[in-house]
Structures are given as structure tokens and as C-alpha cells.
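Heads up: the structure comes next, in C-alpha cells.
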Amino acid sequence: MPKVIPVADPLSKPFWDAVNQKKLLLQFCSGCRRLQYPIRDRCADCGSAEKLGWKEVRGRGHISTYIIIEDGRLDRRMSDQPYNLALVTMDEDPGINFYANLPGTPVDKVPVGAPVEVVFEEVAPGQLIHEWRAVQ
Amino acid sequence: MTTLDPPFKWRREKLGAGVWEHRGKVAIAGYGHSPVDRRWDETSMDKTLGAYSILACQKAMDDAGVTADQIDGVVCCPTTIAGASGGAASNWAPRPFFAPPYDSEWGLTRVNAKWLIDQMHLPNVKFAPSSVPTIGEMVGLAAQAVGDGLCTTCLVIYPTGNLTGRYRRGGENAEDYAKGERQWTVPWGNHGGNDFINIFPHNQYCITYGGTHDDVAPFVINQHRNGLLTPWGFNANHGIPQLTLEDYVTSRFILKPLRIWDCDRPVNASAAYLFTTAERAKDMKQPPIYVLNHSQHNFKPRSTQPVLDEIEMWTDHAARLMYEGAGLGPEDVDIFNPYDGYSTMTQFFLEAFQWHGVKRGDSFAFYAGDIRVEGPHPFSSSGGNLGNGRTRTAMYTDSIQQLRGTAGRRQVRVRADTALCAFTTPSSGGWIMLGKHPS
Ligand SMILES: [Zn+2]
């Protein structure tokens, strides 16, 4: 399963460094008391860059819905097709969502509404990504 | 080009600005379509995107009865519709170029105002912005430019190129690494695009309101029907048979539940419109079609993937904005041509604008009723992009034709005094309201 490899930039480096240590570290605005993901240069709510810090989250969520990629456009994933692409909402703040291929879940057998937990998957030597696995 | 490109505020994206100051004072006086080919054949120099754009302009000028020396504005979208992932289907290089004027990508895979002005020998152009958005917003730019007096007789051109090769299967989609915004989506397989943006909210829509994906089938089938009634469109000219329910429900999946027939077909084509002042339009060949408002919007999701709540909020906002600036409400809109490039986003627009009283969650039942052009609810009478190919202009041309009363076999039987049309996604783009009368 050769996934496309994320490239950290100065802004996202703390996030990916944490992922590489098997931790999920999101942005947190101390003014709005709100988590933020994906990583941005300022708080999408109040616009502040200074009030944005980092906060480790538990990595628990639920499957909102899913699709099956049958005929995608990414060269690197052609041999994986068809595969699940689920939308996972995070329990600590369901306004935050993630994509997931749901390792361990057969194609098109996705338990919508089921709980998931974060797992970390190596996509290149030394580079992990956050994935989500259904917990039954 | 700087003198042709003055700094100018044209976007209308804030609620509370009231009725558009140029309402009824700007008009569309002509339109023109090139033939719609699946791809450029790579040899016929009279079928290039540039040649087709010139042809579309000439047709629009002829339709209005305007000569080249009268054109003082050119608004042309200079980008390819496939964007950074276009690869070989949208870039001629590294293949060797041809003799001028085809000695660069200009004229082959993209077209801009400068190239057109040179090739068409337009001597009096005083407004030709170099940075032009796609058709959904450029019609607003042009309407505002004419209303503000930056030009009086303006060609608006939207070229959509397509070469040999799998669409959007090159460029960054062929890379092993995901940089920038793509680091948050591509590692899991989301290559980015309106298919992904809308399929998840569409699934949530089915869960929230009931129904299944294939409940969009009657809409898709009707788009094909309207397309076959459109003499310039791709389907009508390429022997495409009428899509049936069986064809639809047995068709292959792209992003299951999204099927191949939910996606429009990329084409090589161009279309042009002639915008002018309402005063001048009165003396031109066709009855003027007045611009009653234009509006734009641009929203970002809170997190990785837009969700149904956000899509509904965004489209509600777009509807309020358009209705406010036009001074009209849902009951005033006769012709409604929302964007349909993926069938799964159209219900969001239909419900936001509450056309024919359709409210949130009502679309599938509405689709199951009579939405034919002959019937009481002639929804998307253009056939859109699903019925005509990905020209992104059918919505505009049909609206003009319906208000003129020249839509032929697509002419609606209900009143056709106003038309609302768009190339827009729920997150970004624009709407334009047209009227048979200036007020
Ligand atoms: Zn904040």
C-alpha cells in the first residue's frame, strides 16, 4: 500500500514530528479555547497567530461516512483500488475531522457510526501518518 | 497590459450591500459557441482552443451585431480547467510547438485576452484584465466593469481545453509526495476536487434526510435529455444515446457511490458572451437580456473535509446574497440553472435557493416528479455539464435563450422572465441573475 508521503513545512513540522513519535498534536487557540486541524498559520476563528499553541489529543473518534475509491487519480494508489476512504470525526471536538483508510476494515464493509482509534502507519522510512482503526 | 488592467473592485460578496447599483443597466447582447469536441485532435489548426475561442467571439459579435472595432473590453479566463494536476491532458509541452500563433501554450491549451486581441485584431480594447477567474465569477467581473464604465462592449470568453490523456492524471497527482495543502488530504487518497468535496456531504445528506445515492438518477437522466435538445452541445453532436435508468444504476463507480454518469465529460470547446450597457443593447440585433445582480462567495471548511452543515450554511448565504442584490425572492425565479458538474452538489443549490419551494431534504422527491422542460418544474433546462459536456457555459446560454424565447425544443412552457445561473461549488464561485426586463 504505497501511500503518498506528506512533506512537512515549517508550520506543520511540530505536527508531523509528533506523529512520528506516535502522538496526535493539534493546534489549540487559547483565546477561542478551540482545537484546529489541519494546521494553519492563524486561528480560523479569531485570526490570531500568537494565541495558537499545541495540544495533544486522545485520538478517539467515530466514522461519519465513507466512500470507496474505485477510480482515483493518484498514481501511487492505483494498485490499492478499490479502497475505503472514511470521514472520521474526533470525539473531543466533532467539528474536527480526518480522512482514514481504516486499516483492517474490508472494502465496503465500513461500520458507519462505529468508534475508531488513531494508529500510526509508516509510509516512508521514518515518516508515519495518522490512520484510524475501527474498534468493535 | 497595465493600462488595460486597472485596479478595480468588482466582487459582491457581502450581505447588507443592498440591491446592485447597476441592476438592469448592464445587458448580455450576444453569445457564441464553438463546436464541442472531446479532445483537440492535435493536427487541425482550425480546431484548437484558440481557434475555437475566436470562432465563439465572432459568433457572439455576429449575434449582437457588433463589429471588431466596437469591442473595448475583453475578459478571458487564462487558466486551464484541469489546474495543477492536469498533466498531459492539459499541457502541450514538452511536445514541440507550431508556427505562430501556436508557438506556446497560448492558443493550444489556454487562451488569454492578449492572444485574442492580437489574433482578432481588436483595435480599441481599453479593458482587458490579465487575472481573470473562471466563468462563474468572470461574468460578474464583466458586468461590474461595464456598469462602472471601464468598458462598454465587452467580450467574455471561457475556453475549456482537453487534449489526449487521462484527465487530471498527471502533474501533482503523479507525484510520490504531498506538499502544502495536499499533505492533509492526499496521503489517504483524496486527490482534491469537487468530487471529493461534495460526495461526503452528499452521503451525510442521504443519512440526514433519507434516500440513497441513486435517487439523483432522475435528475441526471433529465440533464441528458435536455442536453440532447441542445443543438450546440457535445451529446447532441456525437450520437450519444439517451441515458436510461438502467444505464445509470448499472454504471461503474468512480468514488462509490459516485458513478461515472454523475461526472461531466471533459471537452475541448469555447464560448463567448457580449456584455454591454443596457442603453447600447437596445440598438443591437437581439432583445437585451439584463443583468439584475451578480454575487460571489468563498468559504473554507473548519477542518479537513467540508460537512453537510457547512455546505448548507454556505449555500444559504449565497442565496441570501444573490436575492438581496437582485431585489428578488425564490418565487420570482423562472429559470434555474445551477452547477451540476458532479450531480451530487446540485441538490444543495436547489434547496438553498428554494426554487419552486424546494426546502432542505426535498430534492430527491422533487427529482422524482416532473422536471422536464415541458412540465411545471423545468429544473436546469440547460442540461448543464452532464448533458452537454464540461463547457461550464450551458447554464448561461440556456438562460439567455429561455429569456429570449429562442430555446427551441428546450423552451419552457412556464413564464421565462428571470433566470438564475451559475458555475459554482458550494464553497466558491458566483451567481448571476438575468432578466427579460430591466426591472
Ligand atoms: Zn482563536
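If only residues of region A:75-105 that are in contact with a Lys or Arg (Cβ under 9 Å, 6 or more places away or on another chain) and aliphatic (A, V, I, L, M) are counted, the one that is nearest to the other protein chains (Cβ to nearest Cβ) is A:Ile96. Just one of the numbered conditions (1) more than 16 Å from the ligand (Cβ to nearest atom); (2) more than 7 Å from chain B (Cβ to nearest Cβ); (3) more than 15 Å from A:Pro115 (Cα to Cα) is not true of A:Lys55: (1).
So that you can scan it fast, the table gives a plain yes or no per residue for (1) of a type in the set (Ser, Thr, Tyr); (2) under 19 Å from B:Ile311 (Cα atoms); (3) under 15 Å from the mean Cα position of the chain (by Cα):
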| position | (1), (2), (3) |
| --- | --- |
| B:Glu331 | no, no, no |
| B:Tyr396 | yes, no, yes |
| B:Arg409 | no, no, no |
| B:Thr424 | yes, yes, yes |
| B:Met433 | no, no, yes |
| B:Ser439 | yes, no, no |
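Within region B:345-359, residues that are part of a helix (DSSP H, G or I) sit with their Cβ atoms under 7 Å from residues that are of a type in the set (Gly, Ala, Ser), at 6+ positions apart or across chains, in these pairs: B:Gln347/B:Ser363; B:Leu350/B:Ser363; B:Glu351/B:Ser363; B:Ala352/B:Ala318; B:Ala352/B:Ala319; B:Phe353/B:Ala319.
Can you work out which of the residues in region A:3-33 that are in contact with a strand residue (DSSP E or B) (Cβ under 7 Å, 6 or more places away or on another chain) and within 16 Å of the ligand (Cβ to nearest atom) is farthest from the other protein chains (Cβ to nearest Cβ)?
So in region A:3-33, the residues in contact with a strand residue (DSSP E or B) (Cβ under 7 Å, 6 or more places away or on another chain) come out as A:3-7, A:14-16, A:18-20, A:22-30.
Keeping just the survivors that are within 16 Å of the ligand (Cβ to nearest atom) gives A:26-30.
On the way: A:Leu26: 10, A:Gln27: 11, A:Phe28: 14, A:Cys29: 12, A:Ser30: 18 Å.
It comes out as A:Ser30.
Return the only residue of A:Ala44, A:Ala49 being more than 18 Å from the chain's Cα centre (by Cα), within 12 Å of another protein chain (Cβ to nearest Cβ) and farther than 26 Å from B:Cys263 by Cα. So that I can check it myself, show each step before the final result.
Numbers: A:Ala49 fails: within 12 Å of another protein chain (Cβ to nearest Cβ).
Only one candidate passes the filter, namely A:Ala44.
Determine, yes or no, whether A:Lys109 is basic (Lys, Arg) and within 16 Å of the ligand (Cβ to nearest atom). Answer is no for this residue. I'm trying to understand the selection: among the residues of region A:34-52, which are of a type in the set (Gly, Ala, Ser) and either more than 8 Å from the ligand (Cβ to nearest atom) or exposed (fewer than 12 other Cβ atoms within 10 Å of the Cβ) (or both)? Correct list: A:Gly47, A:Ala49.
Quick one: is B:Phe353 more than 14 Å from B:Phe423 (Cα to Cα) and buried (at least 19 other Cβ atoms within 10 Å of the Cβ)? Walk me through it before giving the result.
Details: more than 14 Å from B:Phe423 (Cα to Cα): yes; buried (at least 19 other Cβ atoms within 10 Å of the Cβ): yes.
Here the answer is yes, as B:Phe353 does meet what is asked.
Among residues of region B:404-425 that are assigned to a loop (DSSP other than H, G, I, E, B), those with a beta-carbon under 8 Å from a residue that is among the β-branched types (Val, Ile, Thr) at least six positions away or on a different chain give the pairs B:Ala407/B:Val373; B:Gln411/B:Val373; B:Val412/B:Ile335; B:Val412/B:Val373; B:Arg413/B:Val373; B:Ala416/B:Ile335; B:Thr425/B:Ile197.
Just for region A:111-136: of the residues that are among the hydrophobic types (A, V, I, L, M, F, W, C) and closer than 22 Å to A:Pro2 by Cβ, which one is surrounded by the fewest Cβ atoms within 10 Å (Cβ to Cβ)? Taking the candidates together, the pick is A:Ala124.
Only the coordinates and a few stated rules stand behind these numbers; no lab work does. The structure presented is a predicted model; accordingly, all values stated were derived computationally and were not measured. Please note: Cβ atoms are built from the backbone with ideal geometry, for glycine as well, and neighbour counts cover all protein chains shown.
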